[in-house]
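Notes follow once the structure below has been shown.
The values are calculated or read from the model by the stated rules, or taken from the named source; none is laboratory data. Everything quoted here is computed from the prediction, not taken from an experiment. Cβ coordinates were reconstructed from backbone atoms using ideal geometry, including for glycine residues, and neighbour counts include every protein chain displayed. We work out accessible area using only protein heavy atoms, side chains counted, and drop any ligands, DNA or RNA first. Shrake-Rupley method; radii C 1.70, N 1.55, O 1.52, S 1.80 Å.
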Amino acid sequence: MASTIEAIKAKLDIADEISSVVALQKSGKALKGLCPFHNERTPSFYVYRESQSWHCFGCNEGGDIFSFVEKQQNLDFHEALLYLAEKADVPVEEYSSGSTEDARETSVAREHLRKMNEDAMLWFHQMLLRSKDAEDAREYVKSRGISADSVITFGLGYASDQWDRLSRYLVGQGYTEQEIVDGGLARWRENNTLGGERRGGIYDYFRNRLIFPIRDTRGHVIAFGGRALGDSKPKYLNSPQTLLFEKSSVLYALDMARDAIKQVGQVIIVEGYVDALIAHQYGTRQTVACIGSAITEKHIQQLKKLTKQVTLALDPDAAGNAATEQGIEEALKGFDRTVVPVPIGGTVSSGRAQGKRGNRQRVQQPIVRLEEQVDAEINVLQLPEGEDPDEVIQRDFSSWLYAVAHPLPLIDYFFVAKTADLNLREPMGKAEAARRLLPIIAMVSDRIKRDAYMRKLATKIHIDERSLRDELQKVLSRHKMSGINVDFSGKTNARQLEQRKESEVRKEAGTAEVAASQSIQLEIGEGKNEKSQSIAELDSTERSRLKWEDYLIGLLLQNPDLRPHVCGIIDEGDFAGTDTRELYHILNSIYQRDSSPSHQSFEQFVPSALLPTVARGLQYVESRSFENGEMLVKEAVQCATRLKRMRLLQLNTEIKFLLDQATESGDKTATRHFQLQILDISRQLRTINTATHLQG
Ligand SMILES: [Zn+2]
């Protein structure tokens with residue numbers, strides 16, 4: 001049976017889907033148009049009917065119909081799957097974990113709960129608009145500056161002071177008490193079990209509170225936040241965890257902020273519902289609020305698709321406190337990392353005889369280290385002390401706008417926050433400031449920026465920059481941290497290597513054959529009772545590429561610790577399979593550097609449409625064993641490298657074709673552009689080859 005993804009792809013044509021948003025014109029075998037993902041005047045966005053893929057040679061984005069829909073409509077994989085499945089009229093089994101029977105039951109329960117939340121939301125809302133009891137609530141709304149329009153747009157509501165008004169209403173609508181409790185809208189009364197039977201009945205979870213409905217990104221109400229109107233504690237009460245609601249992954253108002261975040265290229269994270277609401281009301285609609293206190297990696301996972309600039313509106317009192325810092329760390333962790341090659345010192349000293357042949361000697365030393373850099377900009381909103389965002393916005397909107405446009409870079413924020421309690425004139429205070437700030441400066445991977453911060457620290461504490469630098473070196477070597485250190489130091493004869501490398505590059509850039517000849521000696525079991533097939537037999541066709549992808553996913557699933565070793569080599573865009581690409585994405589999203597959960601927990605994150613791929617990948621891996629961890633790492637690195645090479649060769653072919661066209665039509669700008677891209681690809685291929693050969 002074909003997989004859901006294949007079934008969908010078979011029924012839809014990528015060109016139809018894309019041409020509904022991009023005007024496409026014929027260009028040789030392909031179609032081209034203006035890229036919807038970056039600004040351009042001449043088309044470099046290509047759609048290939050034959051391979052059902054797209055690629056932009058301007059911003060280097062590309063993929064299949066799924067990745068196009070995800071990117072263009074801002075959907076995650078699962079949402080794109082539902083959207084395309086509906087178009088293609090292909091049924092999708094929605095939930096992944098457990099048996100299909102369980103899945104169906106859960107699915108029904110979720111649907112039911114969604115309906116109940118919607119009913120409760122309308123009831124709360126009507127209460128706020130019309131009920132006599134809601135007089136104080138309406139007064140409070142007015143006192144906070146919330147407009148009538150915002151009350152409607154955000155669906156604000158009022159929970160009555162009486163014990164069970166909502167519960168009675170919902171029971172009247174046909175919901176059982178158990179459902180209402182499970183949905184987080186009521187609690188059981190004490191002494192509720194008499195002879196195993198619940199007798200005490202239920203009472204409302206929210207009472208005498210202003211209600212803020214919390215929605216998921218599709219706009220469905222999944223929970224509520226309630227602000228106390230009297231003196232009752234806590235001041236803010238959120239729905240408990242339910243089938244639909246997990247506090248740590250939802251951001252308030254994200255459903256309404258989404259488009260603005262993308263447009264403006266920034267997200268502002270505030271702490272309170274009212275802050276977010278007022279920010280929207282005044283037009284800064286790129287604002288969301290944390291539910292509960294901390295920013296989690298899950299929050300960032302959702303935001304990073306929309307923007308790379310995260311602006312935190314931190315409570316100034318919380319400056320420098322542990323929870324805030326942890327939040328920031330989480331935020332950093334959640335972002336993608338780009339891997340950049342960083343030259344390592346040693347090269348210069350070893351290549352004494354310079355000139356063009358001098359680089360022979362260099363190879364004996366590691367030349368390059370790959371360093372991870374967080375692919376995001378995190379900064380902090382500077383607000384007047386003691387004022388919340390909603391107050392600043394209403395008192396002086398222009399200063400709010402200024403703060404939003406000029407946030408403080410995170411490191412500068414730490415410079416202030418971390419030294420606020422120190423006396424920097426005293427030697428003790430200076431030492432402590434250096435001790436606190438050096439590890440933070442060490443996190444800055446851009447050397448020029450790092451140097452600037454070193455100078456800033458030296459000035460701040462009046463200490464000679466050179467002695468600080470020694471300390472920084474210590475911190476840096478202790479860190480060694482996120483480095484995906486690819487060891488380029490090999491024992492191969494340097495001269496041989498040079499020769500091999502060069503001829504290889506020439507070949508590689510020209511033809512795809514080489515990829516197949518670089519076979520890695522291993523075998524992949526093809527299903528349980530089938531005979532295993534040597535990988536060397538697999539040619540570099542699409543089919544084999546997909547198998548390698550399955551195999552790599554299998555390796556990563558079984559050994560999540562391998563992830564850091566491959567993520568510097570290959571990224572999502574390099575995967576040809578929709579399923580493997582998404583699985584790789586999920587893997588990267590859920591496995592943090594230090595933890596290694598079993599694949600059981602992984603499967604909870606996987607839409608059922610992808611489960612066959614998970615099974616296939618694991619099956620490939622199960623038939624193999626490795627002597628030790630080192631071999632395993634080597635295997636994964638080789639596999640990823642191979643896939644990267646296949647990808648580069650494919651791109652190379654595509655660009656060559658475009659280059660020919662551009663030359664023919666006399667388009668000099670395009671010719672130059674494609675030539676540069678070809679150069680870039682051969683450079684990348686060369687790096688890969690060097691690494692592969694040195695790894696042996
Ligand atoms: Zn583009």
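Applying both filters, DSSP loop and at most 16 other Cβ atoms within 10 Å, to the GluC sites (Glu not before Pro) of region 220-304 gives 246.
Counting only protein heavy atoms and a 1.4 Å probe, region 108-199 has 57 square angstrom of accessible area per residue. With protein chains left intact and a 1.4 Å probe, residues in region 626-696 average 49 Å² of accessible area per residue.
Which net charge results for the neighbourhood of residue 259, defined as the other residues with beta-carbon distances under 14 angstrom from its beta-carbon, given Lys and Arg at +1 and Asp and Glu at -1? Charge balance in the 14 Å sphere: +4. Counting pairs of Cα atoms in region 651-690, how many percent are more than 14 Å apart? Here the long-distance tail beyond 14 Å is 46 percent of all Cα pairs in region 651-690.
Net length available on complete extension from residue 657 to residue 140 is 179.5 nm, with 0.36 nm assigned per residue and the Cα-Cα distance removed. Qualifying trypsin sites (Lys or Arg not before Pro) in region 11-99, where qualification requires a DSSP coil assignment and no more than 14 other C-beta atoms within 10 Å, comprise 29, 41, 49. For region 298-308, backbone phi angles converted through the Karplus equation (6.51, -1.76, 1.60; θ = phi - 60°) give residue-by-residue couplings of 5, 4, 5, 3, 6, 6, 5, 6, 8, 7, 10 Hz, Gly and Pro being listed as x. One chain, two ends: residue 236 and residue 40. Fully extended at 0.36 nm per residue, the span grows by 65.8 nm beyond their Cα-Cα distance. Applying 1/(1 + (r/R0)^6) with R0 = 25 Å to the Cβ-Cβ distance of residue 668 and residue 72 gives a FRET efficiency near 0.20.
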